[in-house]
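Colleague: Before I ask anything, let me first share the structure, which is written out below as structure tokens.
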Amino acid sequence: MPLGTLDRSPPPFFKQGTSALTKLVLFSSISLALMFTDQHYNIVQPARWVLSLIVYPVQWLALRPQVVWDQVDEAFIGKQEALSEVEQARAQVLSQAVRTSQLEQLSLENKYLRELLVLRDRMGTTGIAAEVLYEASDPFTRKMILDKGASSGVQASSPVMDELGILGQVTRVHPMVSEITLITDREHSIPVLNTRTGARGVAFGESGGAPLLELRYMATNADIEVGDVLTTSGVDGVYPPGIPVAKVVKVERRADSVFARILCESSARVQGARHVMVLAPVMSTLPDFKDLPPQLSPVHKGGRR
């Protein structure tokens with residue numbers, strides 16, 4: 001083929017058409033014209049409405065992940081806040097329950113102390129208020145330790161009572177604390193008086209497992225019944241007379257024995273006592289014979305010993 005017959009024009013693929021600068025000037029002019037006319041005549045607003053309607057589903061779908069995340073996050077935060085509020089409410093309820101129980105305990109202690117003071121004033125004796133620290137750990141004895149000792153004026157053999165009756169007797173005194181033996185201890189005995197019949201007897205601590213007393217040496221035909229109240233007789237010179245000691249709960253009359261088996265329940269709180277009153281022994285409150293006038297003394301001129 002002769003070279004003169006070759007087509008030297010560029011193929012359509014490489015044809016550039018209008019230059020880029022021309023396009024830039026053209027479209028810039030169109031944009032400026034549209035902005036000018038829209039600013040003054042608002043002619044593009046319908047197109048914006050149409051475009052917003054077309055684009056809205058795309059925007060809605062694009063925002064769904066963020067909305068779902070916000071809802072999930074808000075749900076978790078709300079759950080955590082609810083759990084926190086529940087814990088705070090529970091702690092507040094527990095705190096109020098503790099305060100209520102403490103208030104009830106204080107009210108109960110105040111009631112016991114008032115009753116104890118009334119009983120002491122009714123007897124007309126002096127006493128020292130004390131608190132039970134703990135019960136002795138010896139399983140074969142029934143003893144308690146008080147927070148008052150010789151430095152507070154506690155004496156050995158002093159009777160100890162609560163607001164309900166006789167609790168025991170001081171058997172050991174230390175400078176700061178003292179030990180009392182309960183009336184239910186098997187080594188303890190106390191003279192008592194039956195308030196219904198006026199009969200006297202002696203109650204001993206029961207050696208069994210229950211904290212009871214046994215009224216011994218009472219004949220099988222003695223006039224004593226379940227429910228009889230026993231008080232201190234005052235003949236021992238230790239316990240003031242008339243203080244409740246126990247109540248009869250069981251009477252056994254056996255044909256093979258001359259004595260009845262009589263079990264009594266202590267009037268005082270031998271288990272769980274908290275506040276007590278230590279009284280002065282009766283003998284310590286009696287006047288000294290040396291201080292009496294000669295005509296009243298049991299030993300005087302012309303008198304007998």
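Where a number appears in this text, it was derived from the coordinates with a stated rule and is not lab data. This one's a predicted model, so the numbers in the text were calculated from it and none came from an experiment. No Cβ is skipped: glycine too gets one built from the backbone with ideal geometry, and neighbour counts run over all protein chains shown.
Colleague: Got a sec to turn the phi values of the range 163-176 into Karplus ³J(HN,Hα) couplings, 6.51 cos²θ - 1.76 cosθ + 1.60 with θ = phi - 60°, whole Hz, x for Gly and Pro?
Modeller: Along the range 163-176, the couplings run 6, 9, x, 5, 9, x, 9, 6, 10, 8, 10, 10, x, 10 Hz.
Colleague: For a protection proxy built on the mean count of beta-carbon atoms within 10 angstrom, sort 187-199, 157-169, 57-69 highest first, please.
Modeller: Details: 187-199: 17.2, 157-169: 23.7, 57-69: 9.7.
Put in order of decreasing packing, that is 157-169, 187-199, 57-69.
Colleague: Pull out the extension gain between GLU135 and LEU63, defined as 0.36 nm times the separation in residues minus the alpha carbon to alpha carbon distance; nm, one decimal. Mind dumping the intermediate values first?
Modeller: Numbers: separation 72, 0.36 × 72 = 25.92 nm, distance 7.43 nm.
Fully extending the segment from GLU135 to LEU63 adds 18.5 nm.
Colleague: If amide hydrogens are placed 1.01 Å from N in the peptide plane, which non-local residues have theirs closer than 5 Å to the one on ARG216?
Modeller: VAL202, PHE204
Colleague: At 7 Å along the Cα-to-beta-carbon direction for both PHE27 and VAL72, put a label point, then send me their distance in nm to one decimal.
Modeller: Distance between label points: 4.1 nm.
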